[in-house]
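In what follows, a single structure is set out as structure tokens and then discussed.
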Amino acid sequence: MYNDASLALIPSAVGDGVVYNARPVEVLGAELVTNGDFATDSDWTKGANWTIANGSANSNGSGLIYQTSVSYVDGKTYKVTFDANITSGGGTVRLGNTTSTIAFTNGANEFYLQTDASNTTRYIFFQGISLVGSIDNVSVKETSAQDFDFTRASEATRVLSGGRIEKVRTNSLLQSNDFDTTWTTTAGSTFTSGQSGYDGSSDAWLLTDSGWASSYATYQNMSVSGIYTLSIYAKAASTSTIRMDVLQASNSPYLIVELSSGTIHSSANIIDYNIEDVSNGWYRISFAGTLASTSYVRIGCYGAGTVYIQSAQLEQGTVATEYIATTTTSVSVGSVNDMPRLDWSGGCPALLLEPSRTNSLTHSEAFSQWTLEGSASLTSNAIASPDGYVNAAKLIAGASIARQATKLADTSNGDLAYSVYAKKGEYSVIQLTDAANGSMYANFDLNAGVVGGYEQTTPLIESMGSGWYRCTMTYSAGAAPVNAMRLSIAESPTQIRLVEFAGNGSDGIYIYGAQLEAGSYATSYIPSYGTATTRIAEVCNGAGTASTFNDSAGVFYVDIATLSLSDTSERQVSISNGGTSYVRIQYGGTSGQIYCFIYVNGVKVADIRKSGLDTSVPNKVALRWSASGYSAFVNGTLIETDTFVSDFTSYPLTDLSFTGFKGKVDQILVFPT
């Protein structure tokens, strides 16, 4: 079927600022790279730690390798392919000086990069980041692919196959494993590279602390704020004590660890810590704390001595995640700015396009920053959350008769969507309320996965897998502020608002990812680590040319869903001439209704409507036109057919675009007959 289409959006591949179009068939230009198979040691400029031998370019650390005079044209799109064999570390690729830098992975790599008009350097660059490995079979060719342009000026999350939430992860430290560069060393302290590392490489460093400063030997200036986790791999040498801290104006967090036993020596001003044994005497040690906007990350032996260290990381959140290597800039992975999201929350991948929303709750994961009520208590980082890391909290019912709850101050009002991810523990019911509306609440049964009792709210429970549910209540809070949002343990699904009871001081429920946003429905999770956080609206447009579409006949097929039945804004997908001639399929205006329109030079030729649909799940709509007439199908059923005397030959269709569309796109196909 796809081979018959002249245009096909099938959510399977995305790049920086682009959603790849499966049709029309790609036509590639001439090869622009010379000696891309590295058959000879020529044509490439090798920086530090790069060599060419045995038919590949080989890296043993950090540095650049590049080729000049790659004859690309500004504004064109190029297909860049190569093979990477990575033993450790990582790397990036880019065209010229202004195109995006893309991280590559082990194995075959394929990227579509669009050059910028301001590019004056005709290079292809490869950057090794503590890279031990090689690249080979480098190719750069102009492509005829007509892809969709995509923008979103913020980070975002998505749901992966199996229900895991993928967040953007960023290592904010620079030169995260090159301690003789950006890092400043105290008098007499030194670093010696080339030591045996925790991962079997020679990328570890011997830190010799002169003892000049009693608590640190090296530091790096930082300008970040909020909840962050600092981590490093460490091993005892002449001394078995290591200290990590973040120096700031007040409440500086620190952790001192005994590396001989993998135990804590002392700490202060931290939310939580972890000491992970990674074998052969190596530990990954980490702590989470609240950082001010100006601070210093410091590492030392807690006195004179030596220790081995490797791979430092500073990241948002309450736990350390997989190490991300950096050089002169921080490095992020996940749905970063302008990276389209293929979301699996419906079971199959769909292009997710959402409006701008703000999570007004300042701490979505660090529930230690919320205020406990009654006799409740909290354990941070108790079990694995829906993002796969051990960063979900346990809310525990205390032994005194009282509320068993926690709350966070907020001043939102109006129409609100309040959500949290929850999993049963010894208790299985969670209750959501605010602190201003005395009769409003919603209960969620985490054992049966169903909504319990509720008043003056619209509740929704969605399974995320592994016993986790996203529990959402939407309601109108009125003009007054909510004062605070509350999470409570309930003893039964039918329990009324804020019943007091006594627990045993150890039983509870698990919580993660609280979110409060203005709107009639909840959108994808927006993490917050100290301030309200905004996800910017997504825009996807621009596939096709005049040669893509048949002006005298065609079929326009979409498989799309709204974000919620309550969203009645116009959500349009159109093929047009850029003006008043178009074929359009849209949601909006009336809940549960799909519209199909055909306009030729501003004159309405077809107006077809189908009501009574659940538009929050994918609906398959096909709209056919030809000189003999039109017909429309919804989910395989013909809903209308008629004749008309008109076509688009005088008003050629040139572009497929989204207008105000927010929802999920499973497929879009255009057939020329």
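Conditions tested, residue by residue: (1) small (Gly, Ala, Ser); (2) buried (at least 18 other Cβ atoms within 10 Å of the Cβ).
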{"position": "300", "(1), (2)": "yes, yes"}
{"position": "309", "(1), (2)": "no, yes"}
{"position": "318", "(1), (2)": "no, yes"}
{"position": "325", "(1), (2)": "yes, yes"}
{"position": "359", "(1), (2)": "no, yes"}
{"position": "364", "(1), (2)": "yes, yes"}
{"position": "379", "(1), (2)": "no, no"}
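Listed by position, the strands (runs of 3 or more DSSP E) contained in the range 124-213 that have at least 3 residues being over 29 Å from the mean Cα position of the chain (by Cα) are 124-142, 190-195, 204-209.
Which of the following residues is open to solvent by less than 10 Å² (accessible area, probe 1.4 Å), under 23 Å from residue 565 (Cα atoms) and in a strand (DSSP E or B): 632, 606? Lay out the reasoning, then the answer.
Working: 606 fails: under 23 Å from residue 565 (Cα atoms).
Residue meeting the stated conditions: 632.
Against the conditions (1) of a type in the set (Phe, Trp, Tyr); (2) open to solvent by 30 Å² or more (accessible area, probe 1.4 Å); (3) closer than 30 Å to residue 149 by Cα, residue 525 satisfies every one except (2). Within the range 625-649, the set of residues being more than 13 Å from residue 606 (Cβ to Cβ), under 40 Å from the mean Cα position of the chain (by Cα) and β-branched (Val, Ile, Thr) comprises 634, 637.
So for the range 496-506 (the condition being under 33 Å from the mean Cα position of the chain (by Cα) and crowded, with 17+ Cβ neighbours inside 10 Å), does at least one residue qualify?
Filtering the range 496-506 for residues under 33 Å from the mean Cα position of the chain (by Cα) gives none.
Scanning the range 496-506 turns up no residue that is under 33 Å from the mean Cα position of the chain (by Cα) and crowded, with 17+ Cβ neighbours inside 10 Å.
Each residue in the range 479-495 was checked for being closer than 26 Å to residue 528 by Cα, open to solvent by 30 Å² or more (accessible area, probe 1.4 Å) and either among the small types (Gly, Ala, Ser) or not in a loop (DSSP other than H, G, I, E, B) (or both), and 3 pass. The residues in the range 386-425 that are of a type in the set (Ser, Thr, Tyr) and open to solvent by 10 Å² or more (accessible area, probe 1.4 Å) can be counted, and the count is 4. Among the conditions (1) open to solvent by 10 Å² or more (accessible area, probe 1.4 Å); (2) in contact with an Asp or Glu (Cβ under 7 Å, 6 or more places away or on another chain), residue 369 misses just one, which is (2).
Remark: residue 283 matches the filter, which requires a residue to be within 21 Å of residue 320 (Cα to Cα), among the aromatic types (Phe, Trp, Tyr) and outside any loop (DSSP other than H, G, I, E, B). Restricting the range 200-255 to residues that are more than 19 Å from residue 303 (Cα to Cα) and of a type in the set (A, V, I, L, M), the residue that is surrounded by the fewest Cβ atoms within 10 Å (Cβ to Cβ) is 249. For first residues located in the range 538-565 and under 18 Å from residue 621 (Cα atoms) and assigned to a loop (DSSP other than H, G, I, E, B), partners that are open to solvent by 30 Å² or more (accessible area, probe 1.4 Å) and among the hydrophobic types (A, V, I, L, M, F, W, C) and lie 6+ apart or on another chain with Cβ distances below 8 Å form the pairs 553/627.
The values are calculated or read from the model by the stated rules, or taken from the named source; none is laboratory data. All of these numbers come straight from a predicted model, not from anything done at the bench. All Cβ positions, glycine included, derive from the backbone under ideal geometry; neighbour counts span all protein chains shown. The accessibility values were calculated without ligands, DNA or RNA, using every heavy atom of the protein model including side chains. Shrake-Rupley method; radii C 1.70, N 1.55, O 1.52, S 1.80 Å.
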